[in-house]
Every structure is written in structure tokens, then in C-alpha cells.
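The values are calculated or read from the model by the stated rules, or taken from the named source; none is laboratory data. Since the structure is predicted, the reported quantities are computational estimates derived from the model, not experimental observations. Cβ atoms come from the backbone with ideal geometry, glycine included; neighbour counts cover every protein chain shown. Heavy atoms of the whole protein, side chains included, go into the accessibility calculation; ligands, DNA and RNA do not. Shrake-Rupley method; radii C 1.70, N 1.55, O 1.52, S 1.80 Å.
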Amino acid sequence: MNQDQDMHMKYQVKMNKTSHEYFMNEALKEAQKAFDKDEVPVGAVVVLDGKIIARAHNLRESKQDFSAHAEFIAMQKAAKKIGSWRLENALVYVTLEPCSMCAGAMIQSRIKHLYYGAKDIKAGAVESVLKLLDNRFNHQVIYEGGLEATKASNLLKEFFKKLRV
């Protein structure tokens, strides 16, 4: 690899990191909306071709719907927007490690890449409790955790502290 190629690779890595931070911060804005509605503060965005095509936050309490998780709602909105349940080239950014329902929905909808913030040591199905996405299904979702994890974790801690007061 010559010097120009090396610089280009470093630039790509920097741009990707910046993009990931941007999209995760957009998911954090959604999490704040959930917080403001007294919902567990989890937010998600779905990205296709470098653009956000759907965004959502937890609405489980207000809708009294067990499936109203941020990433689940965002994927439903994304599928509706593109007119297909197949989200093959889509990226999901979510502030909390997905549960088994949401991780399974990512496999079923053929999400390309999952990025999440904080780990969920009680219900996380990507790395914490289960490693669902590591199994050999007909579709493999690539994943990376820990993006803006401190911000996501702090918002969750603040929410649950508020509930105890």
C-alpha cells in the first residue's frame, strides 16, 4: 500500500467513525424523546444509502404494546417507506443492545449492520445474555456495540433513578 492509499484508508476510517457518531447521536435524540414521555429511553434510526429513512423511540408504556421497542418500530417504518420487508442494505443504530425479539426481527428483515450503544446485561441478545446474531441463520447481521455507550447508559441510569424518587 502506498502513502496515498494509506492516507485514503485513514480518511475513510475517520469519516466512518464520524458518520457512526452522527447516526448514534440521532438515535440518542430519539431516546431523549422517550425519556420525556416517561418511557424507557431507547432510540433508534434506520439508515439506507447514508440517509436516515426512519426513526423511533420506545413507546411500550404509552401504547401498551410489548413490541413497541424503538428499533422494532423504526424497522417497521423503514419497511413501509421503501415498500418492502427486506431491509437488506439498511443499518440500524440503537442506543441499547437489542433484545431477542428485536435481534430476531433484524435477522428476519435482513438488516445489514447493527450498531448499538449500551449493553443490556438483563435482556441483551447480541452479546450480553444471548449471542443470537452469532448463530448460523439464513442471514447474518454484522454488529458492533459500544457506540456512544456512556451517553446511552447515563440516560438510562438517570431515567431509572428518576423512577425511584
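Things worth noting here:
- Simple Cβ-charge dipole of region 22-74, Lys/Arg +1 and Asp/Glu -1, about Cα centre, in debye nearest 20: 100
- Axis angle, to the nearest 10 degrees, between helix 3-36 and the longest C-alpha principal axis of the chain: 10 degrees.
- Listed by chain and number, the lysines placed with their C-alpha closer than 19 angstrom to that of K131 are K112, K119, K122; residues fewer than eight positions away on the same chain are left out.
- Carbon plus sulfur fraction of accessible area for region 67-136, probe 1.4 Å, in percent: 50
- Surface accessible to a 1.4 Å probe, per residue, for the residues of the chain, Å²: 59
- Helix-only mean residue ellipticity at 222 nm for the chain, each DSSP H run of n ≥ 4 adding -39500 (n - 2.57), per residue, nearest 500: -15000 deg cm²/dmol
- Per residue, the convex hull spanned by the Cα atoms of the chain amounts to 122 cubic angstrom.
- Heavy atoms of R55 accessible to a 1.4 Å probe, total area in Å² rounded to 10: 80
- DSSP-defined antiparallel bridges as percent of all bridges, the chain, nearest 5: 55
- Helix 149-164 and the longest principal axis of the Cα set of the chain meet at an angle near 0°.
- With all protein chains in place and ligands, DNA and RNA left out, the 1.4 Å accessible area ranks T150, T95, T18 as T150, T18, T95, largest first.
- Unit charges on C-beta of K, R, D, E only; dipole of region 61-124, Debye: 260
- Computed from point charges on the beta carbon alone (+1 for Lys and Arg, -1 for Asp and Glu), the dipole magnitude for the chain about its Cα centre is near 300 Debye.
- Accessible surface of K29 - all protein chains present, 1.4 Å probe, nearest 10 Å²: 120
- Amide H contacts for Y116 (H built 1.01 Å from N in the peptide plane; partners 5 or more residues away or on another chain; cut-off under 5 Å): V94, E144, G145, G146, L147.
- Listed by chain and number, the lysines placed with their C-alpha closer than 16 angstrom to that of K81 are K51; residues fewer than eight positions away on the same chain are left out.
- Order of exposure, largest accessible area first, which applies to I107, I121, I53, I142 with probe 1.4 Å: I121, I142, I53, I107
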